[in-house]
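I have placed the structure first, in the form of structure tokens, so that the comments after it can refer back to it.
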Amino acid sequence: MILLITVVGSMNMDIVVETNKLPEKGETILGKEFNTFPGGKGANQAVAAARLGGEVQMIACVGNDVFGKELTENLSHENIDITHVSISPEKPTGIANIIISENDNRIIVIPGANNDLSTEHIQQLKETIQLSKVVIVQLEILPETVRSVLEICKEFNVPVVFDPAPAQYFDPTFIPYIKYMTPNEHECEQLFGLNMEAALEKYPNQLIVTLGKDGVRYFDGKEHIKIAGINTNVVDTTGAGDTFNGALGYALSEKYELKDAIMFANAASSLSVEKLGAQAGMPSKEDVEKRLSEIYQ
């Protein structure tokens, strides 16, 4: 029996526009570059974990179209098991419209076939999920589908790395089913209605708040732990959070202690922003270990 990292979530084609400035309402401007990249938070996190050496399987749904074919072929090329990527007979593959300007991004997601990943699909894959080392899940699929995944993981004591994004779809009743939650600072306040310190103290060793260039925070039950940010040459921040989650899932599947797993994921995330595209900069384990050795030598 081979236990895998299971990622349940979205697969999108990222449609990326680079521009020197964002247009005002009613304004038309000329941009710099246009590209398409494989994406979706689920697929990104799967690729991040696989690049690090994890054995990964993807549970998702794409459309019966060119984008769907490209996305599944891309995962296969990354040595990710696509056995459980289903094809919607009606809906197109999801897309994300990403505008990059001044080293930041704005994203509009059209779910498409991602919304056809149903609770029925999940229940049919119950045995597959219960045999996972770690399950990684996000909120770019239907909330009821997420709940079904969490309930199976709770029943069989499978640890869940939960990325609560987009935050508006988070259901607080999910919390008892989740081993680790990984919002960013803004999502943390939106989710819990508390300042970060209070939220961390409410969920010790469960809530892990990512702070971008400022690193990561969590509370270990006795003290607040801050993992410092890592100086890097930022090209594109798209996918940095997904890299963090995929790397965290990988490290936990390899039995890293929580602090070491977070440090590993923080270093992986710092590498991911150095190239354009959510998946292009996702590092290998060797890359991450090299960066860690440079910082903590």
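The values are calculated or read from the model by the stated rules, or taken from the named source; none is laboratory data. If you're wondering where the values come from, they're calculated on a predicted model, not measured in any experiment. Quick reminder, even Gly has a Cβ in these numbers, built from the backbone with ideal geometry, and neighbours come from all protein chains shown. What goes into the accessible areas is simple: the full protein's heavy atoms, side chains included, and nothing from ligands, DNA or RNA. Shrake-Rupley method; radii C 1.70, N 1.55, O 1.52, S 1.80 Å.
Structural remarks
- Accessible surface of E155 - all protein chains present, 1.4 Å probe, nearest 10 Å²: 120
- Dividing the convex hull volume of the alpha-carbon atoms in the range 88-242 by its residue count gives 131 Å³ per residue.
- Rounded to the nearest Hz, the phi-derived 3J(HN,Hα) couplings of the range 204-220 under the Karplus curve 6.51 cos²θ - 1.76 cosθ + 1.60 (θ = phi - 60°) are x, 6, 10, 8, 10, 9, 8, 10, x, 5, 8, x, 9, 10, 7, 10, 8, where x marks glycine and proline.
- Å² of accessible area per residue within the range 1-99, as computed with a 1.4 Å probe and no ligands counted: 49
- The three principal axes of the C-alpha atoms in the chain carry coordinate ranges of 53, 44, 39 Å, sorted with the longest axis first.
- By definition, a body whose alpha carbon gyration tensor gives a ≥ b ≥ c is oblate when a/c is 1.5 or more and a/b is not larger than b/c, and the range 83-142 fits this oblate description.
- Volume of the convex hull of the range 111-172 (Cα atoms only), normalised per residue: 77 Å³.
- FRET E, pair S76, N97, Förster distance 25 Å, beta-carbon r, rounded to 0.05: 0.50
- Top positive-direction residue, dipole computed over the range 165-229 with Cβ charges, set P172, F192, A228: A228
- Kirkwood Rh in Å, taken over all unlike Cα pairs in the range 164-297: 15.1
- With K and R counted +1 and D and E -1, the other residues having a Cβ less than 15 Å from that of E144 yield a net charge of -4.
- Subtracting the Cα-Cα distance of R106 and K32 from 0.36 nm times their residue separation leaves 25.1 nm of extension gain.
- K255 paired with E127, simple spin-label distance in nm, labels 7 Å along Cα-to-beta-carbon: 2.7
- The range 125-207: equivalent-ellipsoid semi-axes (sqrt of 5 x gyration tensor eigenvalues, Cα, Å): 23, 14, 9
- Accessible surface of the range 27-100 [probe 1.4 Å, protein heavy atoms]: carbon and sulfur percent: 49
- Binned Cα-Cα distances of the range 221-297, short to long, each 10 Å bin given as a whole percent: 21, 53, 24, 3
- Unit Cα scatterers, Debye sum, the range 21-122: log10 I(q)/I(0) for q = 0.14, 0.18, 0.20 Å⁻¹: -0.63, -0.90, -1.03
- Solvent-accessible surface of the range 107-233, averaged per residue with a 1.4 angstrom probe and all protein chains in place: 48 square angstrom.
- For the range 6-77, alpha-carbon Rg over 2.2 N^0.38 Å: 1.39
- Charge dipole (debye, nearest 20) of the chain; +1 at Cβ of Lys and Arg, -1 at Cβ of Asp and Glu: 340
- Shape call, the range 187-261: gyration tensor on alpha carbons, a/c limit 1.5: oblate
- Accessible surface ranking that places the most exposed of D287, D14 first, with a 1.4 angstrom probe: D287, D14
- In the range 252-297, the convex hull through the Cα atoms has an average projected area of 3.4 nm², a quarter of its surface area.
- Label separation (F156 vs N115): 2.9 nm, computed from points 7 Å beyond Cα along the C-beta direction.
- Value of relative contact order over the range 151-297, rounded to a whole percent, pairs C-alpha under 8 Å and six or more apart: 16
- Here the gap between L194 and N233, fully extended at 0.36 nm per residue and compared with their Cα-Cα distance, gives a gain of 10.8 nm.
- Within the shell defined by Cβ-Cβ distances under 12 Å, the residues around M196 carry a net charge of -3, with Lys and Arg each +1 and Asp and Glu each -1.
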